[in-house]
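Here is the structure we will look at.
The values are calculated or read from the model by the stated rules, or taken from the named source; none is laboratory data. Fair warning: this is a prediction, and the values are worked out from it, not measured in the lab. Quick reminder, even Gly has a Cβ in these numbers, built from the backbone with ideal geometry, and neighbours come from all protein chains shown. Quick note on the areas: whole protein, heavy atoms, side chains included, nothing else; ligands and nucleic acids left out. Shrake-Rupley method; radii C 1.70, N 1.55, O 1.52, S 1.80 Å.
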Amino acid sequence: MMWPRSESELVELQIQLAARRPPPWRVPAGWPMMAACFVCFGRGARGRGRAGEPAWASAALMRGNRGPVATALARGETGWPYEPGLLALREGRLLETAVRGLPERPEVLIVNAGGRDHPRRAGLALHLGAALDLPSVGITDRPLLADGPPPAPERGATSTLLLEGREVARWLRTRARARPVVVHPGWRTDLDTALTVASRATRRARTPEPLRRARKAAREARAAR
């Protein structure tokens, strides 16, 4: 799948992706091979983000929430200013490069982005999974458009996030009394599968372990430039 180079191309592709219904993926028994990816940008940039900023992307490969298997890095520039709903133009290519740099293909991919909680129901977590032909799950700190009450304070508690009356994501409390994360179904995953992946991937930290390690590696690469 080619990455669009304009807003109009991306919007058209997002509409197409949202309408597709590929075969659903289910979490296998045991510990699946998981990857996560994260991108960070140059420090000191003005405003919310512009095109051409330096960017560092990392992908981390793990067996469930156990020890790391490998990481891969990719350095480049942002392809678009920061605009909610259009993140694929800004960072999609770089994230794909990082994931493809891993020595082994994961069974599922965790992305620091949304899925159906999106103006056209096809956020970057879904888009990147489709581009890589990998089941994908999104993890974000907050919803984009959806709304719903926070979950109960105990670890593992969830609550519904609705967009125009439809459940598109869920809050998940990954640590007791810590701020919850938003879990998004992506490519070939539904809400229950996405929650299973997020829960299995979480260790002691609030963020699922593969995503935490990918974020750490990207920030370390930026610091070492």
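Some notes on this structure:
- Split the accessible area of the chain by element, probe 1.4 Å, and carbon with sulfur accounts for 49%.
- Separation between Cα centres of the range 181-211 and the range 1-59, rounded to whole Å: 16
- Averaging 1/r across all pairs of distinct Cα atoms in the range 100-154 and inverting the result yields a Kirkwood radius of 12.5 Å.
- Difference of contour (0.36 nm per residue) and Cα-Cα distance, A18 to L162: 50.2 nm
- Computed on the range 81-191, the Cα convex hull volume stands at 104 Å³ per residue.
- Gyration tensor verdict on the range 3-79 (Cα atoms; rounded if a/c is under 1.5, prolate if a/b is larger than b/c, oblate otherwise): oblate
- Candidates per trypsin sites (Lys or Arg not before Pro) in the range 120-172, loop by DSSP, up to 15 other Cβ within 10 Å: R155
- Dipole-positive endmost among A205, P151, T174 within the range 115-225 (Cβ charges, Cα centre): A205
- Cα-centred dipole magnitude for the chain, charges only on beta-carbon of K, R (+1) and D, E (-1), debye, nearest 20: 920
- Here the spin labels are modelled as points 7 Å beyond Cα on the Cα-Cβ line, and at R206 and E104 they lie 3.1 nm apart.
- Average accessible surface for the range 79-173: 40 Å² per residue, computed with a 1.4 Å probe over protein heavy atoms with every protein chain in place.
- Each of H118, M34, A88 was placed along the dipole of the chain (beta-carbon charges, centred on the mean Cα), and the one lying farthest toward the positive end is M34.
- Low-density loop cleavage sites - GluC sites (Glu not before Pro) in the range 101-198, where at most 12 other Cβ are within 10 Å (DSSP): E104, E154, E164
- Binned Cα-Cα distance frequencies in the chain - 5 Å width, integer %: 1, 8, 16, 20, 21, 18, 12, 5, 1, 0
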